[in-house]
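Have a look at the structure below before the remarks.
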Amino acid sequence: QVQVVESGGGLVQAGGSLRLSCAASGRAFSNYAIAWSRQAPGKEREFVAAISRTGAGTYYADSVKGRFTISRDNAKNTVYLQMNSLKPDDTAVYYCAAQSGSTYYTPRSYNYWGQGTQVTVSS
């Protein structure tokens, strides 16, 4: 079992940056792949980024590729999402999720979800 809590959201101007954190509690954090998804008004939920248990594998949606970077520090039980060159279309509630039973790039495999953190990008 693992619990994840997101933080780091806020209001930023277009072109700016934010770093989101996903802090996890529970045994064997390194056994869990971690993903970020987002939900924006008027849009479907989007699988944004994911990272494998060891950090060797990463996935990015085309919409954020080249701008966002996911990383993990297993010693700190934390996964980060560095978001650069932010656009108004990035405005959403960002959710962190964890799973240990499938490949890290499979969205429906994630079963432990955080409460979300709001990211608002102004134009």
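The values are calculated or read from the model by the stated rules, or taken from the named source; none is laboratory data. What you see is a predicted model, and the numbers here were worked out from it, not measured in a lab. Here Cβ is always computed from backbone atoms with ideal geometry, including for glycine, and neighbour counts include all displayed protein chains. Note: accessible area is taken over every heavy atom of the protein model, side chains too, but ligands, DNA and RNA are not part of it. Shrake-Rupley method; radii C 1.70, N 1.55, O 1.52, S 1.80 Å.
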Looking at the stretch 1-101, which GluC sites (Glu not before Pro) are DSSP coil and have at most 14 other C-beta atoms within 10 Å of their C-beta?
44
Treating the beta-carbon of each Lys and Arg as +1 and of each Asp and Glu as -1, no other charges, what is the dipole magnitude of the stretch 1-71 about its Cα centre, to the nearest 20 debye?
100 debye
Quick one: putting +1 on the C-beta of Lys and Arg, -1 on the C-beta of Asp and Glu, what dipole do you get for the stretch 24-119 around its Cα centre, in Debye to the nearest 20?
180 debye
Name the lysines eligible as straight-distance cross-link partners of residue 43: C-alpha to C-alpha under 20 Å, and not fewer than 8 places from it in the same chain.
65, 87
In Hz, Karplus ³J(HN,Hα) per residue of the stretch 24-35 (6.51, -1.76, 1.60; θ = phi - 60°; x = Gly, Pro)
10, 10, x, 6, 6, 4, 5, 7, 10, 6, 10, 9
Do any trypsin sites (Lys or Arg not before Pro) in the stretch 1-78 lie in a loop, going by DSSP, with at most 15 other beta-carbon atoms within 10 Å of their beta carbon, and if so which?
27, 43, 45, 65, 67
Determine the order of 71, 100, 37 by accessible area, beginning with the largest, at a probe radius of 1.4 Å.
100, 71, 37
Whole-Å distance linking the alpha carbon centroid of the stretch 1-74 with that of the stretch 85-106 is 5 Å
